[in-house]
Amino acid sequence: HQGDGLVHQRFADLAGQCAQSLLKRQQPEGYWDYPAPGWAGRIATVGCVFGGLGLLAGYERTGDPALLAGVFRWYDFLENGVGFVSAGDGRLAVKYFAGRGQGMVPNNSTLVLAFLGRLAAVTGDDRYLHYAPGLIAFLAWAQLESGELPYSLKTPGQAGGRDRIHFQCYQYHAFELQDLAMYYEDTQDASVLPMIVRIAEFIAPSVKADGSTKFDCQDSGVRMPYNTIAIAAALGIARRMGLYDASDAEERAYRFALAQQQPDGGFPFSSGDYRLLSDRRNYPRPLAMILYHLLLKAGEVQAGATSGQRETT
């Protein structure tokens, strides 16, 4: 349509501004401060990895060497400031906080794996995959027969504490599946494929008959469009990879989530909180995630329409 080019350029400009903002907020050592007062002074691995991925995406679009330099600073801090925990027999888990070994959290390690794979692909340098075999070995070792990855496992030698198997089971696994798929796309390392299959098998039953998804393993009744779209997108990725087909569940989840969209384009954060309450406010992070996952589906629909295939969503 006339004017589409201007709209596309607007989004490209906004993405570039976000990347530059990330670069300005990066500390000279390579990390980003955690913004919440409750964790003041801590450096959270997962937030910083997302920062590194944002800089890397900005560099891919613009070629700005300053953005790539920021990526390298984060990688150096990841390696030397955050560090990894040995889980024995060559297994490695990234630390949850910089310099702290409190718990081995698989969803942090899958995200680091995705970052390392993307960095190696963009730079053409496989040296950035140095930690990948250890991370993969840890994840394969931690995965349960059900396909579930525990939320957190005690660090070897940790005094006190305990393993925490379940926590918002299905949406975390949707992101873990996507991380592993991103790593595979960039590296073609087939060692992660069995884990992807088992995660897909684990999350598919979380989609209910009406298309809503279970909030946790106990199915507390909370409904979050953000979670539901992430699960739908993960199932779509596994299907397109030819690893696991849960098309019915995927389509139901997309339909349910899309039905929650508000006239202004936003999505409510949740409903069914404590059975009765809901939060209909729009929060930037969940909305950004929803948009990202909808774009994955939209790309497939567009490709299908181009090739004459029929899409139902």
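Restricting the first residue to the range 238-254 and requiring it to be closer than 11 Å to E201 by Cβ, which pairs with a second residue that is assigned to a helix (DSSP H, G or I) and among the acidic types (D, E) meet a Cβ separation below 7 Å and a spacing of at least six or different chains?
The qualifying pairs are Y244/E201.
Could you say which residue among L295, L277, L291 is out of contact with any helix residue (DSSP H, G or I) (no Cβ under 6 Å at 6 or more places or on another chain), open to solvent by 80 Å² or more (accessible area, probe 1.4 Å), at pLDDT below 80 and of a type in the set (A, V, I, L, M, F, W, C)?
Going through L295, L277, L291 in turn, the sole match is L277.
Would you tally the residues in the range 135-166 being surrounded by fewer than 14 Cβ atoms within 10 Å (Cβ to Cβ) and in a loop (DSSP other than H, G, I, E, B)?
The total comes to 11.
The values are calculated or read from the model by the stated rules, or taken from the named source; none is laboratory data. Because the structure is a prediction, the values reported are computed rather than measured. With ideal geometry, Cβ positions are generated from the backbone for all residues, glycine too; neighbour counts draw on all protein chains shown. In case anyone asks, the SASA skips ligands and DNA or RNA and just uses the protein heavy atoms, side chains included. Shrake-Rupley method; radii C 1.70, N 1.55, O 1.52, S 1.80 Å.
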